[in-house]
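A.B. asks: Please find one structure pasted underneath; my questions will follow.
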Amino acid sequence: MPRLVVAAVALVGLALAPAVSVASAGDAEAAANKRQQLAKLVRLKAFGSCRGIMRYGRRHARQGPGAAPSPIADLPIPLTGEPIPVPPVAPSPMPIRRDAAAPESQAGSGDSGTNVQEAGVDEPDVVKAGGGRIFVVAGEQLHAVGADGLKLLGSLRLEGFGHQLLLDGERLLVISQTGALDGDDGGGGGGRIVPSYEDEVTQLTEIDVSDPAAMRVLRTERIRGRHVSSRLTGHTARVVVWTRPRAVAESQLRTQLRGWLPRRVLRQAAGGRPRMRLAARCRRVFRPAQHSGIDMLSVLTIDMRRGLPAVDSDAIMAGGQTVYASPKALYVATPTWTEDGPLLAEHTLIHKFAASEPDATSYRASGRLEGSLLNQFSLSEHDGVLRAATTVGAGTEGESRVTALAERDGVLARLGMVGGLGKGERIYAVRFLGDVGYVVTFRQVDPLYTLDLSDPRNPRAVGELKIRGYSAYLHPLGDGLLLGVGQDASERGTALGTQVSLFDVSASSRPQRLHAWSVPGGSSSEAEWDHHAFLWWAPSKLAVLPLESARFSGAVGLTVERAAGIAEVGRARHQLEGQEWPVRRSLVVGGRLVTISDVGIERNSLTALAEEAWLAFP
């Protein structure tokens, strides 16, 4: 475990005090005073100067940098036949009405788009589609494919690894990781490659895709650090990057600003000298009131119509592992630890940024909660209220809770909380839909809790369903139905294979599992830990998800209906040179289903997933 900073436990109780408590405080003035005290503990403070950043960094360098983000987006569950272990916290990766439909983009009746958490907020993925074109990252290549006929329109070699895409009209933003060069701040220019993950560089590449046959790199912008996550709202992309300052390992840089604050390097593809600037202006760099490490978290705001460089940037001297965005706000959360007697207790620090302006991202408030988040689905904003699902404690002492928070005087202050969920268990899946929440906890059985969140000051658990196994991803189907993708399990909690469950949640107090479909003998689906791998196509009542087992590698199609149940209608296999390749993504473009692997793209029928056309990537 990375060394984490220890703070005084006396501060924790104050940080978790209710925000609005006129009855307990006696009057509004006392409540305001309590919020002011809380603000002093959790609200970010701006460094007044570059010198102040360096002084603060040197003063705290010996306490350790903080916790590094995990390189994986979510939680793959090992299929060993042994009891399922309690998973670690993962960093990476939903809407308004009580019975909302699935929020993924379904432009018109013919396109599915990326499966996202919030309607109107796009997320980066390895596949993007638009204008009858499909852009796919396979290995180090970006391929443009015509959806009609699966014709390869063009290819472009990419730098780095871990590529993810955001598409806005004729502009594609590729977010990649590259290795840093010794003595380099991300701009290139000589030296040996430094292999440490702490020296990774995030590269943003702006590509003109107006002519897919001649895709052109326009500009690149590099910043030392690891990409945590990004979002695209309207024409604005916001990219979150975590950096471990060079001064941590290179003590000679502790007296220099570049040792603490990373720099951004812009290069024009047309040539010319690179332009170098700080990740953020020193006066736009913040720190928590309580020391939370000396890592640096940068939030870059990019106007996709203007392209690179970022038009606005902010930085926090703290870590970041979980990113959630609503249409109007961006939240970044990071774990922290406090002393609880002889033990360490985990807490989560959450920072809110206003994201309603297209050319700016402005810090608004911070808050702190007991326990840890699972992933981005642990957070959800509705009518200005943030709901957060956390697991507190571990093992038999663990339990989960959902807390409602609102911005008050610069603080994400608690309005209400419901706890006692899953005693001795931890959260495996969360979904918020308007004023209803669903939480899955697991140890040996899977309790699905339904929550009434209509009154943020008094959230309530109103229903519970216990079944074997667990759901790791929950997807709303509308009409009071919820689909769960996870693992079947034995009475001892041993994973048995991928399981898809259909829940009737129309009566919140009486959730029921109507139907289940499973693959025994040990199997898994990427949709269990990456929701981008899941497709729900409502017009055909069709769910498509990757499936891996000892005998099969590909995608499976399931029709899902309240009365008829879950029925397998077909499987898609990608075979090349006698080998089956995992199917990574499925989407509908122009009313046609396509499945995508690292070696090619296939058009499949929407009724049986039968192969209709195949294109192998060069």
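The values are calculated or read from the model by the stated rules, or taken from the named source; none is laboratory data. In this text the structure is predicted, and so the values were computed from the model without any measurement. Backbone-built Cβ (ideal geometry, glycine too); neighbour counts: all protein chains shown.
A.B. asks: For the range 560-605, which positions are assigned to a loop (DSSP other than H, G, I, E, B), touching a Lys or Arg at 6+ places or on another chain (Cβ under 9 Å) and within 20 Å of Ser525 (Cβ to Cβ)?
C.D. replies: Scanning the range 560-605 gives a single hit, Asp598.
A.B. asks: OK, next. Of all residues in the range 213-240, which are in contact with a Lys or Arg (Cβ under 6 Å, 6 or more places away or on another chain) and closer than 12 Å to Arg171 by Cα?
C.D. replies: His235
A.B. asks: Next up: So which residues in the range 590-609 are buried (at least 24 other Cβ atoms within 10 Å of the Cβ), among the hydrophobic types (A, V, I, L, M, F, W, C) and more than 22 Å from the chain's Cα centre (by Cα)?
C.D. replies: Leu593, Val594, Ile601, Leu609
A.B. asks: What is the one condition in (1) more than 22 Å from the chain's Cα centre (by Cα); (2) closer than 15 Å to Gly113 by Cα that His531 does not satisfy?
C.D. replies: Going through (1) more than 22 Å from the chain's Cα centre (by Cα); (2) closer than 15 Å to Gly113 by Cα one by one, His531 breaks only (1).
A.B. asks: Out of the residues in the range 550-559 meeting the condition of being out of contact with any Ser or Thr (no Cβ under 7 Å at 6 or more places or on another chain), in a strand (DSSP E or B) and among the small types (Gly, Ala, Ser), tell me which one is surrounded by the most Cβ atoms within 10 Å (Cβ to Cβ).
C.D. replies: Within the range 550-559, the subset out of contact with any Ser or Thr (no Cβ under 7 Å at 6 or more places or on another chain) is 550-554, 556-559.
So of that shortlist, the ones also in a strand (DSSP E or B) come out as 553-554, 556-559.
Remaining after also requiring among the small types (Gly, Ala, Ser): 553-554, 557.
Working: Ser553: 18, Gly554: 21, Gly557: 27.
The residue in question is Gly557.
A.B. asks: Could I ask something else about it? Check whether at least one residue in the range 254-272 is in contact with a strand residue (DSSP E or B) (Cβ under 8 Å, 6 or more places away or on another chain), crowded, with 20+ Cβ neighbours inside 10 Å and polar (S, T, N, Q), and report yes or no.
C.D. replies: No, the range 254-272 contains no residue that is in contact with a strand residue (DSSP E or B) (Cβ under 8 Å, 6 or more places away or on another chain), crowded, with 20+ Cβ neighbours inside 10 Å and polar (S, T, N, Q).
A.B. asks: Let me ask another. Could you give me the residue pairs with C-beta distances under 9 Å whose first residue belongs to the range 232-252 and is on the phi > 0 side of the Ramachandran plot, whose second residue is of a type outside the set (S, T, N, Q) and surrounded by fewer than 16 Cβ atoms within 10 Å (Cβ to Cβ) wherever it lies, and which are 6+ apart or on separate chains?
C.D. replies: Gly234/Gly120; Gly234/Pro327; Gly234/Pro358
A.B. asks: Only one residue in Ala280, Ala333, Ala310 is in a strand (DSSP E or B) and among the small types (Gly, Ala, Ser), so which one is that?
C.D. replies: So the residue among Ala280, Ala333, Ala310 that is in a strand (DSSP E or B) and among the small types (Gly, Ala, Ser) is Ala333.
This table checks each residue for (1) among the charged types (D, E, K, R); (2) more than 29 Å from Gly497 (Cα to Cα); (3) over 20 Å from the mean Cα position of the chain (by Cα); (4) surrounded by fewer than 23 Cβ atoms within 10 Å (Cβ to Cβ).
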{"position": "Arg426", "(1), (2), (3), (4)": "yes, no, no, no"}
{"position": "Phe432", "(1), (2), (3), (4)": "no, no, no, no"}
{"position": "Val440", "(1), (2), (3), (4)": "no, no, no, no"}
{"position": "Thr450", "(1), (2), (3), (4)": "no, no, yes, yes"}
{"position": "Pro459", "(1), (2), (3), (4)": "no, yes, yes, no"}
{"position": "Gly463", "(1), (2), (3), (4)": "no, no, yes, yes"}
{"position": "Leu474", "(1), (2), (3), (4)": "no, no, no, no"}
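A.B. asks: What tally of residues in the range 362-390 results from selecting those that are surrounded by fewer than 23 Cβ atoms within 10 Å (Cβ to Cβ) and part of a loop (DSSP other than H, G, I, E, B)?
C.D. replies: 2
A.B. asks: Further question: Scanning the range 192-226 for residues that are modelled with pLDDT under 95 and among the hydroxyl-bearing types (Ser, Thr, Tyr), which turns out surrounded by the most Cβ atoms within 10 Å (Cβ to Cβ)?
C.D. replies: Tyr197
A.B. asks: Same structure, new question: Identify all residues within the range 227-245 that are surrounded by fewer than 22 Cβ atoms within 10 Å (Cβ to Cβ) and either modelled with pLDDT under 95 or not in a strand (DSSP E or B) (or both); write none if there are none.
C.D. replies: Across the range 227-245, the qualifying residues are Gly234, His235.
A.B. asks: Output yes when any residue across the range 304-327 is within 12 Å of Arg231 (Cα to Cα), surrounded by fewer than 20 Cβ atoms within 10 Å (Cβ to Cβ) and at pLDDT 95 or above, and no when none is.
C.D. replies: Yes, because at least one residue in the range 304-327 is within 12 Å of Arg231 (Cα to Cα), surrounded by fewer than 20 Cβ atoms within 10 Å (Cβ to Cβ) and at pLDDT 95 or above.
A.B. asks: Among the residues of the range 391-400, is any farther than 24 Å from Val241 by Cβ and surrounded by 23 or more Cβ atoms within 10 Å (Cβ to Cβ)?
C.D. replies: If we filter the range 391-400 for residues that are farther than 24 Å from Val241 by Cβ, which is where we start, we get 391-400.
Among the residues that remain, those that are also surrounded by 23 or more Cβ atoms within 10 Å (Cβ to Cβ) are: 391, 400.
Yes.
A.B. asks: So if I check each of Leu349, Leu344, which one is modelled with pLDDT under 95, farther than 23 Å from His531 by Cα and surrounded by fewer than 20 Cβ atoms within 10 Å (Cβ to Cβ)?
C.D. replies: Going through Leu349, Leu344 in turn, the sole match is Leu344.
A.B. asks: Moving to a separate point now. Identify all residues within the range 568-618 that are farther than 17 Å from Leu558 by Cα and of a type in the set (Ser, Thr, Tyr); write none if there are none.
C.D. replies: Ser597
A.B. asks: When you look at Glu568, is it of a type in the set (D, E, K, R), touching a Phe, Trp or Tyr at 6+ places or on another chain (Cβ under 8 Å), more than 21 Å from Val145 (Cβ to Cβ) and surrounded by fewer than 16 Cβ atoms within 10 Å (Cβ to Cβ), yes or no?
C.D. replies: Details: of a type in the set (D, E, K, R): yes; touching a Phe, Trp or Tyr at 6+ places or on another chain (Cβ under 8 Å): yes; more than 21 Å from Val145 (Cβ to Cβ): yes; surrounded by fewer than 16 Cβ atoms within 10 Å (Cβ to Cβ): yes.
Yes: the conditions hold for Glu568.
A.B. asks: Let me ask you something else. Condition first: among the small types (Gly, Ala, Ser) and out of contact with any Gly (no Cβ under 6 Å at 6 or more places or on another chain). Now tell me which residues in the range 204-262 satisfy that. Please lay out each step first, then the result.
C.D. replies: Quick first cut of the range 204-262, residues among the small types (Gly, Ala, Ser) only: 210, 213-214, 225, 229-230, 234, 237, 247, 249, 251, 259.
Within the range 204-262, Ser210, Ala214, Gly225, Ser229, Ser230, Gly234, Ala237, Ala249, Ser251, Gly259 meet the criteria.
A.B. asks: Of the conditions (1) farther than 17 Å from Ile223 by Cα; (2) crowded, with 21+ Cβ neighbours inside 10 Å; (3) not small (Gly, Ala, Ser), Trp337 satisfies every one except a single condition; which number is it?
C.D. replies: (2)
A.B. asks: Give me the residue from the range 424-463 that is of a type in the set (Asp, Glu) and assigned to a strand (DSSP E or B) and, out of that set, nearest to Gly480 (Cα to Cα).
C.D. replies: Here is the first cut: in the range 424-463, the ones of a type in the set (Asp, Glu) are 425, 435, 446, 452, 455.
Restricting the remaining residues to those that are assigned to a strand (DSSP E or B) gives 446, 452.
Working: Asp446: 20, Asp452: 14 Å.
Top of the filtered list is Asp452.
A.B. asks: Can you spot a residue in the range 486-496 that is among the basic types (Lys, Arg) and either closer than 27 Å to Ala543 by Cβ or surrounded by 24 or more Cβ atoms within 10 Å (Cβ to Cβ) (or both)? Full working, then the answer.
C.D. replies: Residues of the range 486-496 that are among the basic types (Lys, Arg), as a first pass: 492.
Those still in the list that are either closer than 27 Å to Ala543 by Cβ or surrounded by 24 or more Cβ atoms within 10 Å (Cβ to Cβ) (or both) too: none.
Checked against the condition, which is being among the basic types (Lys, Arg) and either closer than 27 Å to Ala543 by Cβ or surrounded by 24 or more Cβ atoms within 10 Å (Cβ to Cβ) (or both), the range 486-496 yields no hits at all.
A.B. asks: Select, from Val145, Val121, Val136, the only residue that is under 20 Å from Arg238 (Cα atoms), of a type in the set (A, V, I, L, M, F, W, C) and out of contact with any Cys (no Cβ under 8 Å at 6 or more places or on another chain). If you could, list the steps in order and put the result at the bottom.
C.D. replies: Details: Val145 fails: under 20 Å from Arg238 (Cα atoms); Val136 fails: under 20 Å from Arg238 (Cα atoms).
Selected residue: Val121, the only one of Val145, Val121, Val136 that is under 20 Å from Arg238 (Cα atoms), of a type in the set (A, V, I, L, M, F, W, C) and out of contact with any Cys (no Cβ under 8 Å at 6 or more places or on another chain).
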